[in-house]
Amino acid sequence: MTTPDPSTTITGSQAASNPSDKGDIGMNKTNLIAEPGKQDIILTRLFDAPRELLFRAFTDPELRTRWWGPRRYSTIVDKMDVRPGGVWRFINRDKEGNESGFHGVYHDVVSPERLVFTFEYEGMPGHVLLETVTLESQNGKTLLTDQSVFQSLADRDGMLQSGMESGANESMDRLDELVASL
């Protein structure tokens, strides 16, 4: 395993200090990299599934509802027009009926390898990030790399402090369960 730079925030039982250091990324572990002073967060995870299946899970509204967000919420796909310029909007609803909305615009869609879209939490309008999801085939498995670039370091740090790491881990666990069942 690569020894991480001590100034880098990394989680996951087999985290790599560099997302291109693919030999160190553990199966079924979501790794988060948030380097001090940088306006991005990088998540990586290796899935035991072909990238076409992962891409379908990201672009099929019915499948998206089965893995996006923590288990304590149901996810509703209000809009999902997966094409450059197409809009998306998802709603997380808890058991009491409270809702949180998220939306954005797709900027690039290259099946089955890449999605680029904006992401905005409706509870904090004006804090838009640009997210790039890449899916790389690796001997029948797929390395997912999800890079989120924020408008400011404060926005990035606010996202980290919001609990996004546990939500992302839970979503990736749910995605792993979903692709294993398809």
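Laboratory data are not the source of any read-out in this text; all were calculated from the coordinates shown. Values in this document were obtained by computation on a predicted structure and should not be read as measured data. Every residue, glycine as well, gets a Cβ built from its backbone with ideal geometry; the counts of neighbours run over all protein chains shown.
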Any chance the range 148-166 includes a residue that's of a type outside the set (A, V, I, L, M), part of a strand (DSSP E or B), surrounded by 15 or more Cβ atoms within 10 Å (Cβ to Cβ) and touching a strand residue (DSSP E or B) at 6+ places or on another chain (Cβ under 9 Å)?
yes
What number of residues within the range 44-71 are assigned to a loop (DSSP other than H, G, I, E, B), closer than 16 Å to PHE102 by Cβ and not polar (S, T, N, Q)?
4
State the number of residues belonging to the range 26-48 that are over 28 Å from GLY158 (Cα atoms) and crowded, with 20+ Cβ neighbours inside 10 Å.
1
Name every residue in the range 80-92 that is of a type in the set (Lys, Arg) and under 10 Å from GLY104 (Cβ atoms), in order of residue number.
ARG89
Those residues of the range 72-113 which are part of a strand (DSSP E or B), within 15 Å of the chain's Cα centre (by Cα), closer than 19 Å to LEU144 by Cα and not hydroxyl-bearing (Ser, Thr, Tyr), in sequence order
none
Out of contact with any helix residue (DSSP H, G or I) (no Cβ under 8 Å at 6 or more places or on another chain) and over 22 Å from GLU35 (Cα atoms) - does that describe any residue in the range 143-157?
no
